[in-house]
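Colleague: Questions regarding the structure given below will be posed in turn.
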Amino acid sequence: MKKICLVLCTCLLLVGCGTYTSKNATKDLEKKINGLKGYHITGQLEISNNDDVYKYDVEASYKKGDNFRVSLKNKTNAHEQIILKNEDGVYVLTPSLNKSFKFQSDWPYNNSQTYLLQTLLNDIKNDNKKTFKAKGGTHIFETTVNYPNNSDLVKQKIYFDKKLTPKKVEVMNKDNDVLIRMTFKKVDLKAEFKDSYFELEENMKTAKTENTTQTVGKVNEDTYPMYVPENTKLTNKDTVNVDGSQRVIMTFEGDNPFMFVQQTAEVSDDLAIVSVYGEPFQLATSVAAVSDNMISWVSNGIEYYVVADNMSRTDLMSVANSVTSMPVSK
């Protein structure tokens, strides 16, 4: 009987030692990602906004020394924006306008990003209550997320293969609805880049040459925010022409007053660099600049602004996202 018990205990011990745990996976993932000199990722990003799904072709590149380049190309209208981080700062490039917005920002480390390995690792490391499953050659982490500009996003599932190469990320709300899905198509963990690959001027030059999107000459005056805070309503709308571009200014008054401005975007003859206070943030149709009292973005040849003195960041984002979902008539 003693021999049988000893054999049984030994077998249980061996089985226990062979279990791949969350701690093992996190340690191996940290070693793998921190040891990279560079990587190049391609994939598809899907963002759900109300009943609409917006799809982007994504290219994400990294070179040791804190250099990042993320290209996001809208599959519907081919509008491309590039988020660039180098030793000079963080930029959001809009090649169709020959314009770049410069941020003093801690991006990409100050919030979750579905397409960058470092931020996925941070989310895993920072969540002491994360869950982990190893099933059929797939390793799945479920963690909380850090999206300070979108309180609807609360958790994510990160899918890796048995070599801990990412396959998919799903970001969900509290009801487990998937609002963001990043599907990785190709992950090259030995990618090498020239320094110029992360330079602002070189990126603008290359992207502008390849860009096929067109600007527009007129604002759609029937475009309104579909979301307006409670006890707030439209009280005035003005249409003016400014230096050849059309501008529509809508004033909303009540408990949460704000202004919604649309303006036809102009292509700059020379590379324009606009300093922006705030953070870059991915809306459904564009990368926006978000600050405490304003959010601005460019989509389909139109520049949009939502400006408010006392509106919460959540309401500010809700107004902006409701514009990107669908224009409606008054």
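The values are calculated or read from the model by the stated rules, or taken from the named source; none is laboratory data. Please read these numbers as outputs of a predicted model, since none were measured by experiment. Because the Cβ atoms are built from the backbone with ideal geometry, glycine has one as well, and the counts that use them run over all protein chains shown. Side chains are part of the model used for accessible areas, which takes the heavy atoms of the whole protein and leaves out ligands, DNA and RNA. Shrake-Rupley method; radii C 1.70, N 1.55, O 1.52, S 1.80 Å.
Colleague: Counting only residues that are touching a residue at least 12 places away in the same chain (Cβ under 8 Å) and among the aromatic types (Phe, Trp, Tyr), give me the strands (runs of 3 or more DSSP E) lying completely in region 24-103 with at least 3 of them.
Modeller: Passing ranges, in order: 52-63.
Colleague: I've got another one for you. Yes or no: residue 218 free of Cβ contacts under 8 Å to residues at least 24 places away in the same chain, out of contact with any His (no Cβ under 8 Å at 6 or more places or on another chain), of a type outside the set (Gly, Ala, Ser) and open to solvent by 50 Å² or more (accessible area, probe 1.4 Å)? Quick ask: steps written out before the conclusion?
Modeller: Working: free of Cβ contacts under 8 Å to residues at least 24 places away in the same chain: no; out of contact with any His (no Cβ under 8 Å at 6 or more places or on another chain): yes; of a type outside the set (Gly, Ala, Ser): yes; open to solvent by 50 Å² or more (accessible area, probe 1.4 Å): yes.
Criteria not met by residue 218.
Matching residues to (1) more than 30 Å from residue 58 (Cβ to Cβ); (2) of a type in the set (Ser, Thr, Tyr); (3) part of a strand (DSSP E or B):
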site: 230; (1), (2), (3): yes, no, no
site: 234; (1), (2), (3): yes, no, yes
site: 240; (1), (2), (3): yes, no, yes
site: 247; (1), (2), (3): yes, no, yes
site: 253; (1), (2), (3): yes, no, yes
site: 256; (1), (2), (3): yes, no, no
site: 266; (1), (2), (3): no, no, no
site: 289; (1), (2), (3): no, no, yes
site: 306; (1), (2), (3): no, no, yes
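Residue-wise test of (1) open to solvent by less than 70 Å² (accessible area, probe 1.4 Å); (2) under 20 Å from residue 107 (Cα atoms).
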| site | (1), (2) |
| --- | --- |
| 19 | no, no |
| 33 | yes, yes |
| 36 | yes, yes |
| 49 | yes, no |
| 52 | yes, no |
| 64 | no, yes |
| 71 | yes, yes |
| 80 | yes, yes |
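Colleague: Any residue at all in region 274-297 that's without any contact (Cβ under 8 Å) to a residue 40 or more places away in the chain and farther than 30 Å from residue 84 by Cα?
Modeller: Within region 274-297, none of the residues are without any contact (Cβ under 8 Å) to a residue 40 or more places away in the chain and farther than 30 Å from residue 84 by Cα.
Colleague: Let me ask something else about it. When residues of region 214-272 are filtered for being in contact with a helix residue (DSSP H, G or I) (Cβ under 9 Å, 6 or more places away or on another chain) and acidic (Asp, Glu), how many remain?
Modeller: So the answer is 1.
Colleague: To continue, here is another question. How many residues are polar (S, T, N, Q) and farther than 12 Å from residue 203 by Cβ if we restrict to region 60-82?
Modeller: Narrowing region 60-82 to residues polar (S, T, N, Q): 61, 67, 71, 74, 76-77, 81.
From what's left, farther than 12 Å from residue 203 by Cβ: 74, 76-77.
Final tally of qualifying residues: 3.
Colleague: Taking into account only those residues within region 283-293 that are in contact with a strand residue (DSSP E or B) (Cβ under 9 Å, 6 or more places away or on another chain) and surrounded by fewer than 18 Cβ atoms within 10 Å (Cβ to Cβ), which is modelled with the lowest pLDDT?
Modeller: First, pick out the residues of region 283-293 that are in contact with a strand residue (DSSP E or B) (Cβ under 9 Å, 6 or more places away or on another chain): 283-291, 293.
Subset that is surrounded by fewer than 18 Cβ atoms within 10 Å (Cβ to Cβ): 291, 293.
On the way: 291: 82, 293: 88.
Filtering first and then ranking leaves 291.
Colleague: Farther than 22 Å from residue 194 by Cβ, open to solvent by less than 30 Å² (accessible area, probe 1.4 Å) and either under 17 Å from the mean Cα position of the chain (by Cα) or modelled with pLDDT of 90 or more (or both): does that describe residue 105?
Modeller: Details: farther than 22 Å from residue 194 by Cβ: yes; open to solvent by less than 30 Å² (accessible area, probe 1.4 Å): yes; either under 17 Å from the mean Cα position of the chain (by Cα) or modelled with pLDDT of 90 or more (or both): yes.
So residue 105 fits the description; yes.
Colleague: Which residues, counting only those in region 265-280, are in contact with a Lys or Arg (Cβ under 6 Å, 6 or more places away or on another chain), open to solvent by 30 Å² or more (accessible area, probe 1.4 Å) and hydrophobic (A, V, I, L, M, F, W, C)?
Modeller: Within region 265-280, 273 is the sole residue that qualifies.
Colleague: Cβ-Cβ below 6 Å, separation at least six or inter-chain, first residue in region 244-272 and on the phi > 0 side of the Ramachandran plot, second open to solvent by 60 Å² or more (accessible area, probe 1.4 Å) and outside any strand (DSSP E or B): which pairs?
Modeller: Close Cβ pairs (under 6 Å, with a partner that is open to solvent by 60 Å² or more (accessible area, probe 1.4 Å) and outside any strand (DSSP E or B)) amount to 254/231.
Colleague: Kindly indicate whether residue 319 is more than 22 Å from residue 83 (Cα to Cα), open to solvent by less than 50 Å² (accessible area, probe 1.4 Å) and part of a helix (DSSP H, G or I). Even if it seems obvious, please write down each step before you answer.
Modeller: Values: more than 22 Å from residue 83 (Cα to Cα): yes; open to solvent by less than 50 Å² (accessible area, probe 1.4 Å): yes; part of a helix (DSSP H, G or I): yes.
So residue 319 passes the test.
Colleague: Does residue 310 satisfy being touching a His at 6+ places or on another chain (Cβ under 9 Å) and open to solvent by 50 Å² or more (accessible area, probe 1.4 Å)? Break it down stepwise before answering.
Modeller: Working: touching a His at 6+ places or on another chain (Cβ under 9 Å): no; open to solvent by 50 Å² or more (accessible area, probe 1.4 Å): yes.
Spelling it out, it is not the case that residue 310 is touching a His at 6+ places or on another chain (Cβ under 9 Å) and open to solvent by 50 Å² or more (accessible area, probe 1.4 Å).
Colleague: Within region 88-97, work out how many residues are open to solvent by 10 Å² or more (accessible area, probe 1.4 Å) and over 18 Å from residue 116 (Cα atoms).
Modeller: Our first condition is that a residue be open to solvent by 10 Å² or more (accessible area, probe 1.4 Å); within region 88-97, this holds for 88-89, 91, 96.
Among the residues that remain, those that are also over 18 Å from residue 116 (Cα atoms) are: 88, 96.
Final tally of qualifying residues: 2.
Colleague: Condition check: in contact with a Leu (Cβ under 7 Å, 6 or more places away or on another chain) and either closer than 22 Å to residue 239 by Cα or among the aliphatic types (A, V, I, L, M) (or both). Does residue 306 satisfy that? Please lay out each step first, then the result.
Modeller: Working: in contact with a Leu (Cβ under 7 Å, 6 or more places away or on another chain): yes; either closer than 22 Å to residue 239 by Cα or among the aliphatic types (A, V, I, L, M) (or both): yes.
Here the answer is yes, as residue 306 does meet what is asked.
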